[in-house]
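Reading through the structure tokens given below for one structure.
The values are calculated or read from the model by the stated rules, or taken from the named source; none is laboratory data. These numbers were taken from a predicted model, which means no experiment stands behind them. Heads up, the Cβs are rebuilt from the backbone with ideal geometry, glycines too, and the neighbour counts pull from every protein chain shown.
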Amino acid sequence: MELESSSLPQFCRNFEDYCRLLTEQCKILEVPRPDDYAIEVSYQLAQRIAQQIHFHGKLPFSEFMQQALYAPGLGYYSAGSRKLGEAGDFVTAPEISPLFGKTLALSVQQAWQHTAKHILEFGAGSGRLMCDILRQCEAEQCLPDRYFVLEVSAELKQRQQDLLREELPHLYSRVTWLEDLPQSFDGVMLANEVVDAIPFELLMQTEQGLAQGFVQTSDQGFSLTFVPTDFSRGWQKQHQEICQQWPDGYLAETYDLRGDWLSALLSTLNQGCLLLLDYGYEEEELYSPYRPQGTLQCYYRQKKHSMPLTLLGLQDITASVNFTQLAQQALDSGAKVLGFTSQAQFLTLSGIEQFVAQKEDSDTMPHVSVAQQLQTLLMPNEMGQNIKVLGLSKDFSGALSGFSSFGRQTV
Ligand SMILES: C[S@@+](CC[C@H](N)C(=O)[O-])C[C@H]1O[C@@H](n2cnc3c(N)ncnc32)[C@H](O)[C@@H]1O
């Protein structure tokens, strides 16, 4: 059912009012104003979400985030804006350096000694990691029999296909883009910075107890409201004790949807392993008293902030990964934990240095020296310590150097 535009809240009743709101948001965030086309897409998304709220009531934050990132043709990952890389909103490890993909290729090849020579990559972004892995595997005459990609964004899928056609046209036929999880998979699954883009709920400790974040509308725009919650389901039920220790005003994220995503994925992994690389923590550190504002982050043109209701559909929204929850979910799904360590340890123990000795090879960011690329990938205050690697396996007898006991931490 379509709502008369006169019944929509004032901020998205007409394009001019919406432009004013977005321009105001850009001033507050100190970022450049998007072009009119981008504002038009954002405006349509705002109308769509406002209608949903009108008919069904306020939205749990996870549902708002799902729309903001993935609404068909309108959400951040579904519409056409350039997201990854220096000209986009944020930079991921494969965009920084080919050393990342080359080193992951070494781990994948190690795993192939104990499983089928297949890769299934989730959320392949620009396609950069896929190309770097394939190039390295080809150099070592150890190509995968098949490389599968499962990507939710039609726009990014197109970019991945274009990049592969441009860089490795002779390998194009080895890659298959899947629409859904396969019935069964043997081989190596990979997901770099995918879990942190899966929607989450917001919780706040209040004088009345724990409250859940919902998105509502007023004439001025979207706003958050926190409603007392009854601990009746999922994470909240299991974690009553943790939450009770939070002081009033403590904000956090919870991640039932991420657990569901992992279970679904592991149910299709028949034999082999899965590497999850992402910003995140073990649970105790994630919900520490020293992190009273949670870990929610938005990214727009390399600016980081924590206002998820602004720049609707034009910015990325993420929150750190709870690796303890994922490891527990994996055990509950019949998988084993192969290892858990920092990105720096994993890449170092997997042999990244062997590529450093080679000639300066910076095809992704030509002006950045190999030393700078390494620094970003490995230094503790950059991706080195902030990104963790969790390895999971099913019916797999091998081990990966990246998780050798020297690098192993608890999870
Ligand atoms: C932050 S980007 C990371 C891209 C890439 N892996 C990289 O490292 O550059 C997140 C990616 O995950 C994809 N994505 C998000 N949720 C997904 C899901 N449930 N299944 C598959 N891909 C997903 C997005 O479309 C996007 O390609």
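On the basis of being more than 15 Å from the ligand (Cβ to nearest atom), surrounded by fewer than 21 Cβ atoms within 10 Å (Cβ to Cβ) and not basic (K, R), does G187 make the cut? It is false that G187 is more than 15 Å from the ligand (Cβ to nearest atom), surrounded by fewer than 21 Cβ atoms within 10 Å (Cβ to Cβ) and not basic (K, R). Within this structure, E86 passes the test of being out of contact with any Phe, Trp or Tyr (no Cβ under 7 Å at 6 or more places or on another chain) and at pLDDT below 95. Among the candidates P72, P94, P98, the residue that is farther than 19 Å from S173 by Cβ, surrounded by fewer than 19 Cβ atoms within 10 Å (Cβ to Cβ) and either at pLDDT 95 or above or more than 11 Å from the ligand (Cβ to nearest atom) (or both) is uniquely P72. Contact annotation: residue pairs with Cβ atoms under 6 Å, 6 or more positions apart or on different chains, pairing a residue in the stretch 41-58 that is in the same structural domain as N14 (by TED's automatic domain parsing) and under 19 Å from F15 (Cα atoms) with a partner that is buried (at least 19 other Cβ atoms within 10 Å of the Cβ) and of a type in the set (V, I, T), are A50/T217. Is it true that P182 is within 16 Å of the ligand (Cβ to nearest atom) and crowded, with 23+ Cβ neighbours inside 10 Å? Against the criterion (within 16 Å of the ligand (Cβ to nearest atom) and crowded, with 23+ Cβ neighbours inside 10 Å), P182 does not qualify. Of the conditions (1) in contact with a helix residue (DSSP H, G or I) (Cβ under 9 Å, 6 or more places away or on another chain); (2) assigned by TED's automatic domain parsing to the domain that holds A111; (3) buried (at least 21 other Cβ atoms within 10 Å of the Cβ), A252 fails just one. Which one is it? So A252 meets the others, but not (2). Of the residues making up the stretch 205-235, those that are in contact with a Ser or Thr (Cβ under 6 Å, 6 or more places away or on another chain) and either at pLDDT 95 or above or in the same structural domain as F11 (by TED's automatic domain parsing) (or both) are F214, Q216, W235. Filtering the stretch 106-121 for residues that are within 9 Å of the ligand (Cβ to nearest atom) and farther than 21 Å from Y279 by Cβ leaves an empty set.
Yes or no: A344 of a type in the set (G, A, S) and without any contact (Cβ under 8 Å) to a residue 40 or more places away in the chain? The answer is no for A344.
Only one entry of E63, E16, E24 meets the criterion of being in contact (Cβ under 8 Å) with a residue 60 or more places away in the chain and out of contact with any Pro (no Cβ under 6 Å at 6 or more places or on another chain), and that entry is E63.
Here is a yes/no grid of residues against (1) in contact with a helix residue (DSSP H, G or I) (Cβ under 7 Å, 6 or more places away or on another chain); (2) assigned by TED's automatic domain parsing to the domain that holds W177:
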| residue | (1), (2) |
| --- | --- |
| Y76 | yes, no |
| A79 | yes, no |
| L99 | yes, yes |
| K102 | yes, yes |
| S107 | yes, yes |
| Q110 | yes, yes |
| A116 | no, yes |
| I119 | yes, yes |
| F122 | no, yes |
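Counting only strands (runs of 3 or more DSSP E) that fall entirely inside the stretch 101-220 and contain at least 1 residues that are within 30 Å of Q47 (Cβ to Cβ) and within 25 Å of the chain's Cα centre (by Cα), the qualifying elements are 201-206, 209-218. Among what's in the stretch 75-91 and is more than 8 Å from the ligand (Cβ to nearest atom) and either within 30 Å of S397 (Cα to Cα) or charged (D, E, K, R) (or both), pick the residue that is surrounded by the most Cβ atoms within 10 Å (Cβ to Cβ). Ranking the candidates gives D89 first.
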